[in-house]
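Worksheet: one structure, shown below.
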Amino acid sequence: MRLSRSLFVIYVAGFLRSLGVGLLGVVLAVYLSRVGISATGIGLVIGAGLLGACVATAAVAWGSIRIGYRTSLVTLSLLAALGGLALATLPSFPLLLFLAFVAMVNGMGTDRSAAFALEQAIVPALVPDQSRTWGFSWYNVLLDSGGALGALGASLPLFLSNWLHVGLVSGYRYLFVVYAVVNVSSALLYVSLRVDAGHLNPTSSPRVISPSALSRSTVHRIAALFAIDAFGGGFLSDALVSYWFFHRFGLAEQTLGLLFFAVHILNAASHLGAAWIAERIGLVNTMVFTHLPSSLFLIAVPFASSSKWAILLFLLRESLVEMDVPTRQSYVAALVKPHERAYASGVTNNTRTGAWAAASAISGLLMQRLAFSAPLLIGGTLKIAYDILLFRSFRHIKTPEELARNPTHVSVE
């Protein structure tokens, strides 16, 4: 796969953004608690940021092809930088909530931003069809690597405090300034992006920019299935699973930190494995036949007799669970016309984010009122249901590169 200048820009900018997201996911709640904001207030800040990301993703799904991908990505990066400055200066709480919304402050530790959705529309335009899944695989490797390094940076406020001989809260504020600079750097990279909406469908009339009825129907069908998967995933956030290991087996924080660093590394490596497998058995088959056993491993975790067996089963799950990420992104891009990819990516990502947030909101309640391991069991079961429904609905719909290898299948057209 040839790495063009624009693809290089997307990769590096995405890595930098995920570096900030991984860092913010670890330190945001701790920082806000240190400056006296209550647990309820922390939840409101995180919720405002998530709502802002949903609104921005919907906006780029409909508006990016009109105002331009480059302009959209630069604007999103500068708004994210504003969030870092807001956290560093810490205005009044109502203003902080507003800025968290506008700046799409991400306290979840996983990059599901509007820029993430828009980049999924751009990457397929920069590689040939036969390299599209590999393009997404390397993209996700860099995002997971950035998130992993960002998570390891949680100790930086203490280091800055000791090195600069300032208070710990001031150490956090320096870190948020660095977060803002990282996002400004992404904006500067996007300025040199050489692909825009007009490049994706140059033969079409400028007025024909809305997705067709067939594409909307297809996107809505697959987005509904993705919602089931994401709702199951909402019961399995890093914070909740970490708490489960802490409460069930008494794992210390440093052990949990190493465990989830290993999780990110396995996730990153699995993206490359997914592309290799997809070339041999197809995108939908790869999505289903790697994802389904990962859910079985997850359901087995609560029945483990010791922490070693539970960790082993969990790591086996993590080595497979994200193989559907680059294949899913590649498949959605192939289902629609090039100029419809921003719409498809926006709808599917917003659906996933909304379902994920809804399940996250009730996972703790289920753990407390139903059964301590209920989120793991419910999440795994929902994901198995998603795999079965996805295979049943889309197994015959093949992408152009799959048809080239086996022309007897049904086209995505």
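The values are calculated or read from the model by the stated rules, or taken from the named source; none is laboratory data. Just so it is clear, the model here is predicted, and its values are computed rather than measured. When we count neighbours, we look across all protein chains shown, and the Cβ atoms used for this are built from the backbone with ideal geometry, even at glycine.
Does Glu322 meet the test of being of a type in the set (Asp, Glu) and in contact (Cβ under 8 Å) with a residue 60 or more places away in the chain? So Glu322 passes the test. Does Leu240 satisfy the criteria of being free of Cβ contacts under 8 Å to residues at least 60 places away in the same chain, outside the structural domain of Leu149 (by TED's automatic domain parsing) and either touching a Gly at 6+ places or on another chain (Cβ under 8 Å) or surrounded by fewer than 17 Cβ atoms within 10 Å (Cβ to Cβ) (or both)? So Leu240 does not fit the description; no.
Entry remark, the range 161-184: residues being in a helix (DSSP H, G or I), farther than 26 Å from Val12 by Cα and of a type outside the set (Gly, Ala, Ser) number 5 in total. Scanning the range 235-244 for residues that are modelled with pLDDT of 80 or more and either more than 22 Å from Leu149 (Cα to Cα) or among the polar types (S, T, N, Q) (or both) gives Phe235, Trp244. Candidates are the residues of the range 287-316 that are of a type in the set (S, T, N, Q) and part of a helix (DSSP H, G or I); the one that is farthest from His271 (Cα to Cα) is Ser307.
Residue count for the range 13-41 under the criterion of being touching a helix residue (DSSP H, G or I) at 6+ places or on another chain (Cβ under 7 Å) and free of Cβ contacts under 8 Å to residues at least 24 places away in the same chain: the result is 2. The single residue among Gly43, Gly25 that is closer than 18 Å to Gly109 by Cα, at pLDDT below 90, surrounded by fewer than 22 Cβ atoms within 10 Å (Cβ to Cβ) and not assigned by TED's automatic domain parsing to the domain that holds Gly364 turns out to be Gly43. Evaluate the following for Ser217: is it modelled with pLDDT of 90 or more, under 24 Å from Ala333 (Cα atoms), surrounded by fewer than 16 Cβ atoms within 10 Å (Cβ to Cβ) and not assigned by TED's automatic domain parsing to the domain that holds Ser6? Spelling it out, Ser217 is indeed modelled with pLDDT of 90 or more, under 24 Å from Ala333 (Cα atoms), surrounded by fewer than 16 Cβ atoms within 10 Å (Cβ to Cβ) and not assigned by TED's automatic domain parsing to the domain that holds Ser6. Tell me which residues, restricted to the range 155-174, are buried (at least 17 other Cβ atoms within 10 Å of the Cβ), modelled with pLDDT under 85 and under 26 Å from the mean Cα position of the chain (by Cα). If the condition is that a residue be buried (at least 17 other Cβ atoms within 10 Å of the Cβ), modelled with pLDDT under 85 and under 26 Å from the mean Cα position of the chain (by Cα), then Leu156, Pro157 are the ones that fit.
Checked against (1) surrounded by 18 or more Cβ atoms within 10 Å (Cβ to Cβ); (2) touching a residue at least 40 places away in the same chain (Cβ under 8 Å); (3) assigned to a helix (DSSP H, G or I); (4) not basic (Lys, Arg), Leu251 passes all but a single condition, namely (3).
Being under 21 Å from the mean Cα position of the chain (by Cα) and either modelled with pLDDT of 90 or more or assigned by TED's automatic domain parsing to the domain that holds Gly25 (or both) holds for only one residue in Phe260, Phe226, Phe297, and it is Phe226.
Confirm whether Ile384 is surrounded by fewer than 24 Cβ atoms within 10 Å (Cβ to Cβ), touching a residue at least 12 places away in the same chain (Cβ under 8 Å), among the hydrophobic types (A, V, I, L, M, F, W, C) and not assigned by TED's automatic domain parsing to the domain that holds Ile122. When the stated conditions are applied, Ile384 passes them. Within the range 86-110, the residues that satisfy the criterion of being crowded, with 24+ Cβ neighbours inside 10 Å and at negative phi are Leu87, Ala100, Ala103, Val105, Asn106.
Could you please let me know if Arg70 is assigned to a helix (DSSP H, G or I), closer than 21 Å to His339 by Cα and at pLDDT 85 or above? Yes, satisfied. Of the candidates Val284, Val325, the single residue that is in the same structural domain as Arg405 (by TED's automatic domain parsing), crowded, with 22+ Cβ neighbours inside 10 Å, part of a helix (DSSP H, G or I) and β-branched (Val, Ile, Thr) is Val284.
Restricting Leu95, Leu99 to residues that are assigned to a helix (DSSP H, G or I) and in contact (Cβ under 8 Å) with a residue 12 or more places away in the chain narrows the list to Leu99. On the basis of being farther than 19 Å from Tyr386 by Cβ, of a type outside the set (Gly, Ala, Ser) and crowded, with 19+ Cβ neighbours inside 10 Å, does His291 make the cut? Against the criterion (farther than 19 Å from Tyr386 by Cβ, of a type outside the set (Gly, Ala, Ser) and crowded, with 19+ Cβ neighbours inside 10 Å), His291 does not qualify.
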